[in-house]
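Input: a single structure, listed below in structure tokens.
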Amino acid sequence: MALSFEEFRELMPVAERFVYFNHAGTGPLPTSTVKVLAEFCKRQSETGEVPYAEAEEKVEEARKRVADLLHLPASHIAFTKNTSAGVQTAIGSLEWQPGDNVVLMKDDFPTVTYPFLLMLPDVEKRWVKSEDLVKDPQALLRLVDERTRCVAVSWVHFLTGRRFDVAAICRFCRERGVFTVIDAIQGVGVLDLDWSEIGADIVCSHAAKWLLSPQGSGFMAVRPESLERMKPYGLGWLSAEWKEFNDIFSMKPLKPDASRFEESTKSYLSIYGLNASVRLFLDAGMGAIEARVRKLGVRLRAGLAAHGFEVLTPPENERSAGMVTAHKPGTCTGSIHAWLRAGNMVCALRENLLRIAPHYYNTEDEVDRFVERAAAPEAAGVKPSECKT
Ligand SMILES: Cc1ncc(COP(=O)(O)O)c(C=O)c1O
């Protein structure tokens, strides 16, 4: 039976003390996940180890769950420690030639841009602005030419919540042999997208935001066709198939699928935690989660707009996800943020904007109380000229 939002909420002690609307920042852990983490630690503490075969079985369970979430085969999934790992894998495994270029988003989160800037200083960067890309994928596609090796963008913008047409971008790039990397962190866990229809070469995400999983748990999805185009990168002894560890010295064959990128000893603790959290998303159903987050978002937008806030996140479903970004012109956003925080209402302050990100287990009442406090005269107590943020 599907996990209702009330049942989900029972698993979220954070909701007892806070109106927690910062899922685009850090996801609180459900009690069911905490229990699994505690059991794992206790066993390792009391018995010395969780046996390898048993831990690997759990990894496979987690792999299947992440694959189900993305509507992909399990063989496409590799566990990583964060989103950046997927971007770095693309950079390291492509055959960069002099004269190549890469197309990036100018105001993307640094996870996507920094690795290209720092690891490939000599490769030409071509930039599209998110405000142009949200209106039309052509804004990016026009920058692609025969020397474009890779396009790397976020699915959902970390600040404005703008959602981009990754289907159009990936289709266009696939037809031209251009490698695509999609940072999915601000969409996965809130939007229900069938990634098998998108065909991105690499989809990568940390699970510690909307997926309510431990920090340091992440994954990337790599298509088998893409694997064939990638030179060996980031591989290690556990990229090979090991049946047991008695015979160490005979060379083992490379794993045929994406799991080859799990190159050595994993953080089983993180993967156990991710496994427990992702289970809740599958039990609730991603369709129900997306529908409820959208409903809360509509209420939030309307409430904020009624109190003079300007909402930057586009209203259309195909151009937005779970977060709602807003500010009140003529007021100090930092002081509104601090006022909310003092009332145990948590959202993020980024670039002098409030980034508000409610989740499935939040309630309409929480949305109304949040709006009421954000709009209270005390919230804007500091004059914009005295604003320190
Ligand atoms: C769009 C986006 N990508 C990536 C990250 C984080 O990247 P990583 O998992 O590599 O720390 C964030 C937020 O921290 C983000 O908003």
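The values are calculated or read from the model by the stated rules, or taken from the named source; none is laboratory data. Every value quoted in this text rests on a predicted model; they were computed, and no experiment measured them. Neighbour counts are summed over all protein chains in view; Cβ atoms, including those assigned to glycine, are modelled from backbone coordinates with ideal geometry.
Whether any residue in region 190-205 is within 11 Å of the ligand (Cβ to nearest atom) and in contact (Cβ under 8 Å) with a residue 24 or more places away in the chain is what I want to check.
Within region 190-205, the subset within 11 Å of the ligand (Cβ to nearest atom) is 204-205.
Adding the requirement that they be in contact (Cβ under 8 Å) with a residue 24 or more places away in the chain leaves 204-205.
Looking through region 190-205, at least one residue is within 11 Å of the ligand (Cβ to nearest atom) and in contact (Cβ under 8 Å) with a residue 24 or more places away in the chain.
Taking Arg171 and the conditions (1) outside any helix (DSSP H, G or I); (2) more than 16 Å from the ligand (Cβ to nearest atom), which numbered condition does it fall short on, given that it satisfies the others? Exception for Arg171: condition (1). Taking Val293 as meeting all but one of (1) touching a strand residue (DSSP E or B) at 6+ places or on another chain (Cβ under 9 Å); (2) within 30 Å of Arg65 (Cα to Cα); (3) surrounded by fewer than 21 Cβ atoms within 10 Å (Cβ to Cβ), write down the number of the exception. The one condition Val293 does not meet is (3). The residues of region 337-359 that are closer than 12 Å to Ala15 by Cα and crowded, with 24+ Cβ neighbours inside 10 Å, listed by number, are Pro358, His359. Within region 51-62, the presence of a residue that is surrounded by 19 or more Cβ atoms within 10 Å (Cβ to Cβ), within 18 Å of the chain's Cα centre (by Cα) and part of a loop (DSSP other than H, G, I, E, B) is excluded.
So that you can scan it fast, the table gives a plain yes or no per residue for (1) within 17 Å of Glu262 (Cα to Cα); (2) away from the ligand (no atom under 14 Å from the Cβ):
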{"site": "Phe79", "(1), (2)": "yes, no"}
{"site": "Ser84", "(1), (2)": "yes, no"}
{"site": "Gly92", "(1), (2)": "yes, yes"}
{"site": "Val112", "(1), (2)": "no, no"}
{"site": "Pro121", "(1), (2)": "no, yes"}
{"site": "Arg126", "(1), (2)": "no, yes"}
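Of all residues in region 243-300, those satisfying the criterion of being of a type in the set (Lys, Arg), under 19 Å from the mean Cα position of the chain (by Cα) and farther than 25 Å from His76 by Cβ are Arg292, Arg294. Is region 221-234 home to any residue that is within 13 Å of the ligand (Cβ to nearest atom), under 20 Å from Ala74 (Cβ atoms) and buried (at least 17 other Cβ atoms within 10 Å of the Cβ)? Checked region 221-234: no residue is within 13 Å of the ligand (Cβ to nearest atom), under 20 Å from Ala74 (Cβ atoms) and buried (at least 17 other Cβ atoms within 10 Å of the Cβ).
Does Trp242 satisfy the condition of being of a type in the set (Phe, Trp, Tyr), out of contact with any helix residue (DSSP H, G or I) (no Cβ under 7 Å at 6 or more places or on another chain) and buried (at least 16 other Cβ atoms within 10 Å of the Cβ)?
Numbers: of a type in the set (Phe, Trp, Tyr): yes; out of contact with any helix residue (DSSP H, G or I) (no Cβ under 7 Å at 6 or more places or on another chain): yes; buried (at least 16 other Cβ atoms within 10 Å of the Cβ): no.
Criteria not met by Trp242.
Here is a list of conditions, (1) assigned by TED's automatic domain parsing to the domain that holds Pro232; (2) more than 16 Å from the ligand (Cβ to nearest atom), and Tyr20 meets all of them except one; can you say which number that is? Failed condition: (1).
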